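Chemist: Before we start, here is the structure in question, set down as structure tokens.
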Amino acid sequence: MHIVVIGCGRVGSGLGISLVSDGHTVAIVDKRSDAFRRLPDGWEGVRVIGFGFDRDALEEAGIRRAGGFAAVTSGDNSNILSARIARETYQVENVVARIYDPRRASIYRRLGIPTVATVTWTTDQVLRRMFPERAAVEWSSPDGEVSLVERTLPGTWVGRRLSELESPGEIRVVGLIRADQSRLVTDEIGQEGDILQIAVRRLPNPELDRRLLEVPR
């Protein structure tokens, strides 16, 4: 897939490097030529000096053949304008905009522009690490019957089989993040620092809380 990235800051350059390594063709647009210093020597993508909402810059970046578009500059206005042009003028299928103001992010999502609200995401991550006992809801079914929650493994569960947390039809441990690596759970033994991804029937689920807090005999 050909992907256009607007902004060659830390996020944009990281995206460009990762996407090229995954086999995609990439063009990065930035208004400052010195921003491209963040890219390694020999990087195989295209560098375009210009603005993400400028049609000439977008054409040079190959917007007409792009299957993906990410606007990740430090400016909310330029990001959303660039994303709207990519979606509405060039009909790029997969478009995302980085937005700092969470209130504006929700508005743009309702307009059909997927957004990543940086401040909201960071706040959520800090709260998750500060209060690991809280159940962060990652996904819920439309009828609310099934949810996927994320919980940090309590110390009392280190060394125990994660399958012991499960309850047929109520609780199922489906994945975990360990040492920054995600995996599906088979018959894992809990380790310190594990972050569990648990499918539960309905929220709140007091049975999950009870099992996580129980002290083994």
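Laboratory data are not the source of any read-out in this text; all were calculated from the coordinates shown. All of these numbers come straight from a predicted model, not from anything done at the bench. Neighbour counts run over all protein chains shown; Cβ positions are idealised from the backbone, glycine included.
Chemist: Once label points are set 7 Å from the Cα along Cα→Cβ at both Tyr100 and Arg210, what is their separation, rounded to one decimal in nm?
Modeler: 4.8 nm
Chemist: A further question on this structure: Kindly provide the GluC sites (Glu not before Pro) of segment 1-93 that DSSP labels as loop, not H, G, I, E or B, and whose Cβ sees at most 13 other Cβ atoms within 10 Å.
Modeler: Counting only loop positions with at most 13 other Cβ atoms within 10 Å, the GluC sites (Glu not before Pro) in segment 1-93 are Glu44, Glu93.
Chemist: Cα convex hull of segment 131-213: how many Å³ per residue?
Modeler: Roughly 90 Å³ of hull volume per residue.
Chemist: Taking the Cα-to-Cβ direction at Asp34 and at Thr89 and moving 7 Å from each Cα, how far apart do the two end points lie in nm?
Modeler: Reported label-point gap for Asp34 and Thr89 is 2.9 nm.
Chemist: OK, next. In 10 Å bins starting at zero, report the fraction of Cα pairs in segment 2-123 per bin as a rounded %.
Modeler: Result returned by the calculation: 15, 49, 31, 5, 0.
Chemist: Starting from the Cα-Cα distance between Thr156 and Val46, subtract it from 0.36 nm times their residue separation and give me the gain in nm to one decimal.
Modeler: That works out to 34.5 nm of additional length.
Chemist: Separation of segment 88-108 and segment 150-217 by C-alpha centroid, Å?
Modeler: Taking the Cα centre of segment 150-217 as reference, the centre of segment 88-108 is 35 Å away.
Chemist: Follow-up. Could you give the length gained on full extension between Arg110 and Arg202, defined as 0.36 nm per residue of separation minus the Cα-Cα distance, in nm?
Modeler: Contour length minus Cα-Cα distance gives 30.5 nm.
Chemist: In square nanometres and to one decimal, what's the mean projected area of the convex hull around the Cα atoms of the chain?
Modeler: Averaged projected hull area, Cα only: 14.4 nm².
Chemist: Okay, next question. Among 68-81, 8-21, 153-166, what's the highest-first ranking by average C-beta atoms within 10 angstrom per residue?
Modeler: 68-81, 8-21, 153-166
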